[in-house]
1. Please find, among A:Asp251, A:Asp307, the residue that is more than 21 Å from the chain's Cα centre (by Cα), of a type in the set (Asp, Glu) and within 12 Å of chain C (Cβ to nearest Cβ).
2. Please find, among C:Ala274, C:Ala279, the residue that is open to solvent by 10 Å² or more (accessible area, probe 1.4 Å), in a loop (DSSP other than H, G, I, E, B) and more than 7 Å from every other protein chain (Cβ to nearest Cβ).
3. Where in segment C:132-226 are there helices (runs of 4 or more DSSP H), lying wholly inside it, with at least 2 residues that are out of contact with any strand residue (DSSP E or B) (no Cβ under 7 Å at 6 or more places or on another chain) and among the β-branched types (Val, Ile, Thr)?
4. In the set A:Ile155, A:Ile141, which member is within 23 Å of A:Leu406 (Cβ to Cβ) and open to solvent by less than 50 Å² (accessible area, probe 1.4 Å)?
5. Considering (1) open to solvent by less than 30 Å² (accessible area, probe 1.4 Å); (2) without any contact (Cβ under 8 Å) to a residue 60 or more places away in the chain, say which one C:Thr46 fails and leave the rest.
6. Is it true that B:Gly141 is modelled with pLDDT under 90, of a type in the set (Gly, Ala, Ser) and closer than 30 Å to A:Phe232 by Cβ?
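The values are calculated or read from the model by the stated rules, or taken from the named source; none is laboratory data. All of these numbers come straight from a predicted model, not from anything done at the bench. When we count neighbours, we look across all protein chains shown, and the Cβ atoms used for this are built from the backbone with ideal geometry, even at glycine. These area figures cover heavy atoms from the full protein model, side chains too; ligands, DNA and RNA do not enter into them. Shrake-Rupley method; radii C 1.70, N 1.55, O 1.52, S 1.80 Å.
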Amino acid sequence: MKKLALLLLSLLAFWSVANAQTLVFGQSRLPISLDTATDGNSLTVGYQIVENLVGFKESSAEIEPLLAESWEASEDAKSWTFHLRQGVSFTDGTPFNAEAVKFNIDRWNNQDNPYAFAAEGKDFTAWPSIFTNFYGEEGYIVESVDVVDEYTAQINLTRPLGYLPQLLAAAYFGMHSPKAVMESGFEYGGPTKGVVGTGPFVFVEWIDGDRLTLDRNEDYWGENAKVEKLVFRGIEEAATRLAELEAGSIDIAVNLSPDDYEAVSNNADLKVVFPDADLRVGYVGMHQANKPFDDVRVRQALAYAIDKDAIVEAFYGELGAVANEFIPPSLIGRLENDPYPYDPEKAKELLAEAGYADGFDTQFWYMPVSRPYYPNPKDVAEAIASMLSEVGINAELMTEDWGIYLDDYALGKFPIYMLGWSADFADSDNFISPFFSRTQGPDGFGWNNAEAFDLIEAAQSAGTVEERTAIYQQIEQILYDELPAMPLVNPRSLSATRANIEGFLPNPLGSTVPFRTITKN
Amino acid sequence: MSAYIIRRLLGLIPVLFGISLLVFIIPRAVRGDPATIILGERAEPATLERLREQLGLNRPLFFNQEGFQEKGIAGLFDSQYFQFLSKALRGDLGRSIFRLTQVRDELAQRFPATFELSIVAMFFAFIIGVPAGVIAALNRGKLLDTGIMFAALAGVSFPVFWLAIILIYAFSVNLGWLPPSGRIDISFEINPITRLYVLDGLLRGDVRFTLNAIKHLVLPSIALGTIPLAIIVRMTRSSMLEVLGQDYVRTARAKGLKQRLVINKHALRNALLPVITVIGLSFGGLLSGAILTETVFAWPGIGKWVYDAIAARDYPIIQGGVLFVAFIFVIVNLLVDLSYALIDPRIQYS
Amino acid sequence: MASTVGNSSAKASKGQSLAQDALKRFFRNPTAILGLSILSLIILMTIFAPLLRPGDPLKSNLKVRQLPPSWTMSQADLDKKKITAWTYPFGTDVQGRDLLMRVLYGGRISLRAGLVAVIFSVSIGMVLGLVAGFFGGWIDIVIVWLVDVLLAFPGILLAIALASALGAGTLSFQLPFLPFAFELSSIEKALIAISITQIPIFIRITRASVISLRESEFVQAAKSLGANPRRTMWLHVLPNGLSPILIQLTLSIGTVVLDMAALGFLGLGAQPPAPEWGAMISDGFGRFRSAPWLSIFPGLAIFLTVVGFNLLGDALRDVLDPRLKNVS
């Protein structure tokens, strides 16, 4: 018996030693790919291995230098010069220099680049969503990258862009080792090959369906990471993720269900973590190129029929606020109008005016996955469908795989649908142009408002904050009146850590959280 | 005997052919062009064309008449289906649409997890099911028999996934005895040898690792093993009753042999033969039951893999997984039949 | 190897009295009585669901969402929600809908699914089995091959593969030569997928019965008297081979109810807000820590229904086929 106790004790001791240097991070899934995927689960892992030219200040959406030490724009803002950090190498020994920058941007920008692997099925959707389009296609922005000298790269654009560095800070644009990409081929970024970057951690192992392991990069150019090993686990159910956190088998759990907020805050072993203001919005979109949503009264009827307060209170509690406009509270250009109130009678009147006194049948598409802006999309969808049926709108609930969902939404196949947005960079533009610009608006919303298109482009190149604020307010007024989509919620995403974890600071932008500074006591 | 084996092996060919045909046709019939599925509907026509070329989608589905005219009989089979078949025969199941990895590699990584779980579930079903069946048979008609038989009937009436949730709720959430998900605690280094974690732990002499792997196996194998358990109980009981009624057992009893000896030496051995068949047949059921069980327990085996692929519409994985499971099932059935024939000399091979 | 069917030729000659005898034994069988009572109770409750729990099973009521069974709540909590201890005997779901009401309405989906799928597969299976067994030759070989192929997919796997290939949501399609389009709801698609997995079982049983009966004395006698073979098949062979089919039919309903729930759980069957039992369990799965009742009650409903059909099947086997009595 004594022996057994001793054995147990030594095991326990061994346990804690083994654990102290390993940080286990629980998210809903393991990555899809570390190379071109655009989902948060993939980006969070990739962000620890590859680094961007431009980084973010700690737990903030403000940018700071990372692999580029400084940058400047030409006078017309059509050409940007980046001065690179010197003496940095990728972990496979390849030097980081202007050639590497050119290699990376060229392969993102140009579908015909042999290392884009487009014909093999790789599809870097982040590029057109942020830079309007791929090279040579309508409205593309990036013209070319010039290697000025070993540590100076110049990016040439087709039109002025005042905030290129903000865009390049988005989590998608980490710098990969050209040698590794060329050697691995299209399997680069997958479980067998991993990725090679300059960051504080290196890829070790990816056991599909189980875990993904990174080791500390001992030769990191900056200050080394505090923990030796990072393990990512994909645990689909938020409830299971919390159970594992409570059991101590993981150290950090992200995207917990708002339902569990109380349970987490009452547990002394755990710490609740969320950023002060997430830059996110969840909305209900309507495709107005088709009947019946071509009629603004029908769109407004939908807004009157949905009890936003009840939905946000029920499914978000303290972790959400009703959203009345697309631009979230901390950014410029908001209107601060009164929201469309919950008024089913008014909704019925509007429907009758529009010629739908008896209501109509339609489809309501909800997301198949939990995202930070809609942690429980099916629940919200069911509640909305039930409210719509009260005013005679009979909505069949539909869903499909997430990847196809995003495609189909862009093809305009959904009459009503749920979707949301987590900011790539902290600027009002990122809450307007991905939806309502000349190139994006017609896709998901069937939105074709020339006045709004012109205003959006004017705001992009406007000089002062005051000018931009005024223009965005104009745009927001149009959106409020025309209602191509109904903003529903500004959520905060709930994460929790074990009490002994210090330095986990979620970024309002979501995936761009560096784990370098996290300690485990 | 060898003639019987050869006949059975030859009999497999049309079945395997039919399986491959079904697996090939279903997604194509319903979903259309795989290239569009991979690249999405907004893909550039030129890119689509390149991918179609690369995947061989420009060829006819079954028989290539042009090829026949040009190259004779070999050209006739230059078609999508025979391409798929010949690749599958060589173990090439294509690439995952989203991860671009070889389906074969993922399968190899996933299968040991399912195999380990199935073996343990079957073991659990066997060591409880056989004694329970014997006890029921020996107490025929008594309350104990009724009780066991009702429990066995209940055992095949549960939804597996529901039982799994209830087990997690009782033993992980409320009592905290057993882990709710996964194969092993995250704090362990895996360094796989066979990828069967219990075996790996034993091979390395790592007691802690082995125990932890076993702890993770308990709940999923109970959930997965319940249906085979119930079937084994019923089978053991009925085959016991049949054997106990036979002359040689009655003679042995009449000779005054002890009850226990009669059961062990004569009855049980003969009664177990059909039970072994049932075990073999249940193995395939385990593989499909694994889809539900693994989903609930986040068990990284082929069941969870196929389920995720279904959610993501990753057809090469669905195809590869379904093909593989059906293949294993057919082979196991054959082995059961053959071993049965070997064990029981009364069976004729004609 | 040894065929277990085909003992009914002796019975057949006695015809009427044997059926009466079987019926008498059936109603004396305690298993049968238990199974019948469970099933009648469930069927009655689902039929009278609108009377038992008036209201709309699809309508959300966010003010009372996710309440535990009301008889477990404290008086203070009950007062706060302005309900009594028996307002929500099964609690409410995520949308604040009465779980008891949804479980009752869910019975309609599951029972209907079970019946429709089994009738569908039994009719196709019997026709093909009769044809194969009676005519033999190439037709037999092809049908047996089809059965072998379909049965090579264990359990629910084929249903999953089929349902996933059919996709989510309503599927509309047009058949050649028909002027109108077919529309299949997600439940109907799941039904078709499950039915297809049941067909080969019925083919196999029917065929085995037919073959053993074909060789039996009375069919041979009919043949020698110069009776039309097709007439013989329908008039003599089919009725005599019915009992194993009847047993399998009963057991199959249970299997279909389970498979339907499994597809619903995997998101391949009924779509929200339909109160399908499997989908309801799936809803509860993510919340089994905070709201276990969400999955417990629909699971119990499935369990009871399937137990009912299995008891009935067992009893039918005892009564109709005494030789099979001990075999599972």
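1. It is A:Asp307.
2. C:Ala274
3. Answer list for segment C:132-226: C:137-151, C:186-214.
4. Sole residue among the options that is within 23 Å of A:Leu406 (Cβ to Cβ) and open to solvent by less than 50 Å² (accessible area, probe 1.4 Å): A:Ile141.
5. Failed condition: (2).
6. No; evaluated as a whole, the condition is false for this residue.
Per-residue answers, yes or no, for (1) closer than 19 Å to B:Thr226 by Cβ; (2) of a type outside the set (Phe, Trp, Tyr); (3) without any contact (Cβ under 8 Å) to a residue 40 or more places away in the chain; (4) not in a helix (DSSP H, G or I):
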site	(1), (2), (3), (4)
B:Asn270	no, yes, yes, no
B:Val275	yes, yes, no, no
B:Gly280	yes, yes, no, no
B:Gly284	yes, yes, no, no
B:Gly289	yes, yes, no, no
B:Val296	yes, yes, no, no
B:Trp299	yes, no, no, yes
B:Ala311	no, yes, yes, no
B:Val330	no, yes, no, no
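For every residue, the table says whether it meets (1) in contact with a helix residue (DSSP H, G or I) (Cβ under 8 Å, 6 or more places away or on another chain); (2) of a type outside the set (Val, Ile, Thr); (3) open to solvent by 50 Å² or more (accessible area, probe 1.4 Å).
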{"residue": "A:Ala225", "(1), (2), (3)": "no, yes, no"}
{"residue": "A:Val296", "(1), (2), (3)": "yes, no, no"}
{"residue": "A:Ala305", "(1), (2), (3)": "yes, yes, no"}
{"residue": "A:Lys308", "(1), (2), (3)": "no, yes, no"}
